[in-house]
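The block underneath contains the structure these notes are about, expressed in structure tokens.
The values are calculated or read from the model by the stated rules, or taken from the named source; none is laboratory data. Owing to the predicted nature of the structure, the values given are computational and were not obtained by experimental measurement. Don't worry about glycine lacking a Cβ; one is built from the backbone with ideal geometry, like all the others, and counts go over all protein chains shown. Please note that ligands, DNA and RNA were not included when accessible areas were found on the heavy atoms of the full protein model with its side chains. Shrake-Rupley method; radii C 1.70, N 1.55, O 1.52, S 1.80 Å.
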Amino acid sequence: MGLIAESLKRIKPSPTIAVTQKARDLKAQGRNIISLGAGEPDFDTPENIKNAAIDAIRRGETKYTAVDGIPELKAAIVSKFKRENGLIYEPGQITVGSGGKQIIYNAMMATLNPGDEVIVPTPYWVSYPDIALLAGGTPVFAETRLENGFKLQPDVLERAITPKTKWLIFNSPSNPTGAAYTYDELKQLTEVLKRHKHVWVLSDDMYEHLVYDDFEFVTPAQVEPELYERTLTMNGVSKAYCMTGWRIGYGGGPKELISAMAKIQSQSTSNPTSVSQWAAVEALNGPQEFIAEHNMVFKQRRDLVVSMLNQSKGLQCPTPEGAFYVYPSCAGAIGKTTSRGVFIRTDEDFASELLEEEGVAVVHGAAFGMSPFFRISYATATSALEDACQRIQRFCGSLR
Ligand SMILES: Cc1ncc(COP(=O)(O)O)c(C=O)c1O
């Protein structure tokens with residue numbers, strides 16, 4: 001018997017972190033690299049939030065807290081759900097973890113038995129299938145298509161559901177495509193879910209606030225009140241509040257689930273960082289205007305990137321509703337040869353040659369379960385994005 005657990009053999013390290021690291025290594029060698037791999041805003045955490053954390057340190061809020069969140073933060077989350085989503089939760093239905101990722105992890109660990117299936121629409125955020133596997137479940141992939149704006153269609157969802165389905169993981173706006181569901185689009189899915197009462201919904205609303213062109217965000221438990229009893233509505237401060245490093249995520253759902261999740265957390269990490277929790281209280285209760293200001297910048301960047309990518313030979317890039325990603329098809333580049341004589345067989349070849357030849361780091365679609373595509377994060381300075389897109393155009397134009 002080897003040292004490493006069998007369960008770990010099915011898990012792969014995060015490919016997005018791997019690309020970011022490779023870009024960093026090349027930079028360290030002196031190459032001029034533009035990294036469009038990372039999934040975090042380039043804006044700094046707002047000053048009022050930082051000050052709330054500093055105050056918390058000075059007040060001595062530096063001890064263990066309640067395992068799944070201080071009452072003040074739970075109260076702020078209860079208000080947030082009510083104010084922004086029309087969802088009524090009691091504090092006992094709220095859980096706080098070290099990032100959105102831990103909330104998903106706790107939910108899967110607390111509920112999956114061997115053989116339980118978790119429906120994951122493709123392309124997916126890289127952690128969903130691996131967390132399901134780590135928790136002993138089986139991911140079942142439900143494909144979306146570029147023609148449908150990468151949105152899960154009701155018939156595809158229907159076909160993916162079996163008696164063993166435990167969860168549907170739903171993510172809008174999506175990482176990696178930026179696709180966000182309108183009320184009508186989501187309603188079509190909740191109609192299917194209403195008929196399958198054994199299926200739970202984990203709604204990952206991490207990019208809720210990052211939507212453009214007056215798009216109205218909606219979440220499943222709000223669109224279909226019948227689903228409230230079997231939905232975990234997950235969110236966090238990482239993206240909208242520029243707090244990726246602070247590690248605070250949260251969820252609202254039925255008490256039984258929330259208590260089971262607290263049990264997992266009590267025997268793993270215990271409470272999320274006390275100081276970060278106080279910062280999150282200020283993030284949720286404090287001024288929200290900066291979000292709209294950031295979104296104006298994000299929208300301009302999205303439009304710039306979509307337009308420049310669509311002017312690149314062999315690429316096709318739909319305009320997403322939200323998040324800070326685009327997911328262009330590189331089908332037109334597959335089967336071509338680079339000027340150095342490298343044959344492009346897959347989207348991984350495309351991404352790796354783009355990095356080698358032009359110094360632009362993107363993440364290949366296979367990492368997100370759908371090829372031939374790649375993901376660009378436009379949470380980067382506008383001038384760098386323009387430069388990167390020019391390089392992509394040159395690279396695509398040079399393929400023969
Ligand atoms: C869709 C999605 N959900 C959850 C997370 C996790 O967020 P956190 O950094 O709060 O763990 C991310 C982060 O990249 C994400 O893209």
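Taking a threshold of 21 Å on the Cα-Cα distance, which of the pairs K166/K255; K12/K101; K80/K299; K166/K197; K82/K255 fall above it? In this structure, K80/K299 lie more than 21 Å apart at Cα.
Peptides 157-170, 97-110, 276-289, 6-19 ranked from most to least packed by the mean count of surrounding Cβ atoms within 10 Å: 97-110, 276-289, 157-170, 6-19. For A361, the residues whose amide H sits under 5 Å from its own are I34, S35, L36, ignoring neighbours fewer than 5 places away on the same chain, with H placed 1.01 Å from N.
Can you give the angle from 0 to 90° between the axis of helix 289-310 and the longest principal axis of the chain, with both taken from C-alpha atoms, to the nearest 10? Its long axis makes an angle of about 30 degrees. By the scheme Lys and Arg +1, Asp and Glu -1, what is the net charge of all other residues having a beta-carbon under 10 Å from that of A366? Around A366, the surrounding residues sum to -2. Under 5 Å between amide hydrogens, built in the peptide plane, is the criterion, and for F141 it picks out V120 among residues at least 5 positions away or on other chains. Packing, taken as the mean count of other beta carbons within 10 Å per residue, orders the peptides 260-272, 59-71 from highest to lowest as 260-272, 59-71. Computed from Cα atoms, the angle from the helix 274-285 axis to the main principal axis of the chain rounds to 80 degrees. When F141, F368 are compared by accessible area at a 1.4 angstrom probe, the order from most to least is F141, F368.
Across the stretch 210-215, rounded Karplus estimates of 3J(HN,Hα) from the backbone phi angles (6.51 cos²θ - 1.76 cosθ + 1.60, θ = phi - 60°) give 9, 10, 10, 6, 6, 5 Hz, Gly and Pro being marked x.
For the chain, what percent of Cα pairs sit more than 28 Å apart? Summing the P(r) of the chain above 28 Å gives 48 percent of all pairs. Pairs of C-alpha atoms in the stretch 64-285 farther apart than 21 Å represent 51 percent of all such pairs. Considering only alpha-carbon pairs that sit under 8 angstrom and 6 or more positions apart, the relative contact order computed for the stretch 64-285 is 29 percent. Using just its DSSP H runs of length 4 or more, each adding -39500 (n - 2.57), the chain gives a mean residue ellipticity at 222 nm of -12500 deg cm²/dmol after division by all residues. Helix 183-195 versus the longest principal axis of the chain: what is the Cα-based angle in degrees, 0 to 90, to the nearest 10? Taking Cα atoms only, the helix is inclined about 60 degrees.
Probing with 1.4 Å while keeping every protein chain in the model, the per residue accessible area of the chain equals 42 Å².
A crude spin-label estimate for the pair D55 and E226, with each label 7 Å from Cα along the Cβ direction, gives 4.6 nm. If the elastic network links every pair of Cα atoms under 10 Å, which of G92, G251, G37 fluctuates the most in the Gaussian network model of the chain? So, out of G92, G251, G37, the one fluctuating most is G92. The label point for K82 and the one for E356, both projected 7 Å from the Cα toward the Cβ, are 5.9 nm apart.
Carbon and sulfur together cover what percent of the accessible area of the chain at a 1.4 Å probe radius?
On the way: 8880 of 16680 Å².
Carbon plus sulfur share of accessible area: 53 percent.
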